[in-house]
Amino acid sequence: MDNLHQNIAVLKKISHLIAKHSPVSEMISRMLDILYTEMGFLRGTITLREGDMLVIEASQGLNKNEIERGTYRVGEGITGLVAKDGTPRVIADISKEKSFLNRTGARSGEKNVAFICVPVIYADNVIGTISIDRKVDKSTDLDADLHLLEIIADIMADAIYVSYTEVEERKKLISENRRLQLELDNRMRPNEIVGNCSGMKNVYSMIFKVASSNATVLIRGESGTGKELVARAIQKNSVRQDKPFVSINCAALPEGLIESELFGHEKGAFTGAINRKIGLVEVADTGTLFLDEVGDLPLLMQLKLLRFIQEHSYYRVGGGEERKVDVRIIAATSRNLEDMIRDGTFREDLYYRLNVFPIYMPALRNRKCDITVLAEHFLQKYNLIHGKNVARISTPAINMLMSYYWPGNVRELENCMEYAVLNTSDNVISGYNLPPTLQTEASCKSSVSADFESGDFADYETLVGNFEREIIINALKKTNGNATAAAKVLQATPRIILYKIKKLGIDTRLYKSS
């Protein structure tokens, strides 16, 4: 009779709870509180089905770590079986049940504890489970407890289904958000530029934002970082994409010829071999003019460029007729223009005219996660150009690429990979195929000295691991990938070499000949 009164009290409180129309998550949690108070169980959980998995949505008597561990595949363990076939189960003593997984880890060593689990069914589909752990004594009636849980599962099915649909909707929103973010990243990423690091993603975002406008862009960054590629990407994604793109390197022309190259000259303005009539500004009309290394312009030319940017008009050298063009200016420099302004070698007014929308290109040493991607890209490029069939870059060679300082940035890496492709006689680029500058630390600021300066010094274990990896790989190459034979070559025990191979993640299959 006591069980009957208890069950009636439980159902009455749960009915009142449902009548209050509380938020679903609160309602589910309060339902477990009622069961805990009225029935005195040890633990209780409500799981929701997420695809083929069951995840704890609410619990009583479990800590955070135990909740996180409490995930099951449908059909796995007692909870998984209940969800799979929709049939409730009662385990009279969990310490004697081999199929009880104790996935949460909350029940170690407990005896005389029963486990009752019932399915939550909505529209003939199992959407979750309700389960309790109950201490068993002489007064315990497990059949009555099971019957009560089945009634509660039926009563709460609608509310639990709302929570289930919220979880499903949340999953869909997260998935859709990831898809849209990936689509946006792909949309913003120019095809001509390789790189996935956060610094490059910021560059892609800036290109995407400015491309559709006519704003003047100033691309900053060290030599060899790919500033002209960014300028071309802006042009390609702008309304001027089908118009001329004209590039001029301001550092490559003698001071006396820069004005003539830019603005052209009239007949008779020069004597000698120069016979250009139309300047690059006129060639770029309706398109884009890219001024590379603009920081190297002499002061007098800076003044004339400033006037051109302001008025979009110019005079040919030796001519008296003012000419107008519609040109977008994109400039680039590896110089520190702010220091040059303080030194009086760069005009401050020109700086502000150029620096309308700055884009900063990260140095290659600051985007190390892109080094391997770029190396693979250049490997494929020069395979095609030189008719080679190099399949991969060896691990020691990758380690050398990753530890090098790259003062010449992406341009230097490209030259390095072309050299390596030409220098290898098989289908693998090994460390010794790379240029001499990468072979030693002292030849150019490489791994150790560079890392000291950048504050990103490789730890001792990493350096030793890289050295061990190269030694073991060389031995495996000599022994056709046989680890035992490699151990003999290195005068070490097979146990040590096998341990190192596993620890360093070396795949011996790569060094077996066909």
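Each value in this text was obtained by applying a stated rule to the coordinates, not by laboratory testing. Only a predicted model underlies this, so the values are computations on that prediction, with no experimental measurement involved. So basically every Cβ, Gly included, is an ideal-geometry build from the backbone, and we count neighbours across all protein chains shown.
Observations, loosely collected:
- P(r) histogram, all alpha-carbon pairs of the stretch 307-430 included - 5 Å bins from 0, percent: 2, 8, 15, 13, 10, 10, 8, 9, 9, 8, 5, 2, 0
- Highest to lowest packing among 123-130, 219-226, scored as the average C-beta count within 10 Å: 219-226, 123-130
- Where the Cα pairs of the stretch 325-384 fall when distances are cut into 5 Å bins, in %: 4, 12, 16, 14, 12, 12, 11, 11, 6, 1
- One way to sum up the overall shape of the chain is the equivalent ellipsoid from its Cα gyration tensor, whose semi-axes run 69, 36, 18 Å, largest first.
- Cα convex hull of the stretch 87-139, projected area averaged across orientations, nm²: 4.5 nm²
- Ordering of 89-101, 200-212 by burial proxy (mean other Cβ atoms within 10 Å per residue, highest first): 200-212, 89-101
- Normalised contact order of the chain, rounded percent, pairs of Cα under 8 Å and 6 or more residues apart: 9 percent
- For the stretch 2-171, the fraction of C-alpha pairs farther apart than 20 angstrom is 48 percent.
- 14 Å reach of a label modelled at E26, 7 Å along Cα-to-Cβ, counting backbone N of the stretch 58-81: none
- The antiparallel fraction among DSSP beta bridges confined to the chain stands at about 60%.
- Here the gap between T87 and A251, fully extended at 0.36 nm per residue and compared with their Cα-Cα distance, gives a gain of 51.0 nm.
- Annotation: extensible slack from Y36 through N383 equals 118.0 nm (criterion: 0.36 nm per residue apart, minus Cα-Cα distance).
- Segment S99-C369, length gained on full extension (0.36 nm per residue, minus Cα span): 92.6 nm
- Kyte-Doolittle mean at least 0.0, axial Cα span of 20 Å or more - DSSP H helices of the chain: 2-19, 24-39, 371-386
- E169-D52 pseudo-label distance in nm [points 7 Å out on the Cα-to-Cβ vector]: 2.8 nm
- At q = 0.14, 0.18, 0.20 Å⁻¹ the log10 of I(q)/I(0) for the stretch 198-362 amounts to -0.71, -1.14, -1.37, computed by Debye summation with a single uniform scatterer per C-alpha, solvent ignored.
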